[in-house]
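Some notes on the structure that comes next.
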Amino acid sequence: MGRVRGRGVPGWGLRAAVGVVGALIVLVLAVQGVTAVLLGLVGFVAVAAVALPGSPAAMLLIGVSAVATAVLPGEPLRWEVLVLIPLVHLLHLSCALAAILPRGGRLHLAALRAPVRRFAFVQAGAFGLAGLVALLPSDRADPVVEALGLLGAAGLVLLVAALLRDRDRVG
């Protein structure tokens, strides 16, 4: 089997993107004050995501980053959190694309239109929501309101998942 030749980005370019995004996530965690042991583990998982983009390594990196950021002291909307949001999304997206692209394959940039558009819409929604959260009062909400908000968010996630599943079945 010969290598695919032509225009576009070589397959290793996506893996390089995974590596750069993983390194940036490790850097943001280091700036937040994550311990050296956890940074070493996160770095190892980032390297695993580059080597095996279709493995659970990317999801582990995303989960560990989210938990580490959540338990560290500081404001909920500090700059590190706002930087990690697009980084973990970009990690997920680049790993998904790298996982389906054969090693010798090439990715035509036109194939990125739909994923980039979805990425932009999701990020606009996430930062719009962050902007709304920034406008909320900073004192503690009633636990019942917090529980209802959490249930509502979980319900929206389940609704979107069901709608996407139905769309994929039809299309």
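Per-residue answers, yes or no, for (1) at pLDDT below 75; (2) in a helix (DSSP H, G or I); (3) open to solvent by less than 100 Å² (accessible area, probe 1.4 Å):
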{"position": "Gln123", "(1), (2), (3)": "no, yes, yes"}
{"position": "Gly128", "(1), (2), (3)": "no, yes, yes"}
{"position": "Leu132", "(1), (2), (3)": "no, yes, no"}
{"position": "Val145", "(1), (2), (3)": "no, yes, yes"}
{"position": "Gly152", "(1), (2), (3)": "no, yes, yes"}
{"position": "Leu163", "(1), (2), (3)": "no, yes, no"}
{"position": "Arg169", "(1), (2), (3)": "yes, yes, no"}
### Query
Can you tell which of Ala70, Ala30 is assigned to a helix (DSSP H, G or I), open to solvent by 40 Å² or more (accessible area, probe 1.4 Å) and modelled with pLDDT under 90?
Ala70
### Message
Among the numbered criteria (1) more than 25 Å from Ala111 (Cβ to Cβ); (2) within 18 Å of the chain's Cα centre (by Cα); (3) open to solvent by 60 Å² or more (accessible area, probe 1.4 Å); (4) not β-branched (Val, Ile, Thr), which one does Ala36 miss?
### Response
(2)
### Task
Select, from Ala99, Ala58, Ala49, the only residue that is open to solvent by 40 Å² or more (accessible area, probe 1.4 Å) and in a helix (DSSP H, G or I).
Ala99
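Under 14 Å from the mean Cα position of the chain (by Cα) and without any contact (Cβ under 8 Å) to a residue 60 or more places away in the chain: is that true of Arg165 in this structure?
When the stated conditions are applied, Arg165 does not pass them.
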### Message
Please verify whether Pro115 is surrounded by 10 or more Cβ atoms within 10 Å (Cβ to Cβ), assigned to a helix (DSSP H, G or I) and of a type outside the set (S, T, N, Q), treating the condition exactly as stated.
### Response
yes
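The values are calculated or read from the model by the stated rules, or taken from the named source; none is laboratory data. Only a predicted model underlies this, so the values are computations on that prediction, with no experimental measurement involved. Cβ sites come from the backbone with ideal geometry, for glycine too, and all protein chains shown count toward neighbours. Only protein heavy atoms, including side chains, enter the accessible area calculation; ligands, DNA and RNA are left aside. Shrake-Rupley method; radii C 1.70, N 1.55, O 1.52, S 1.80 Å.
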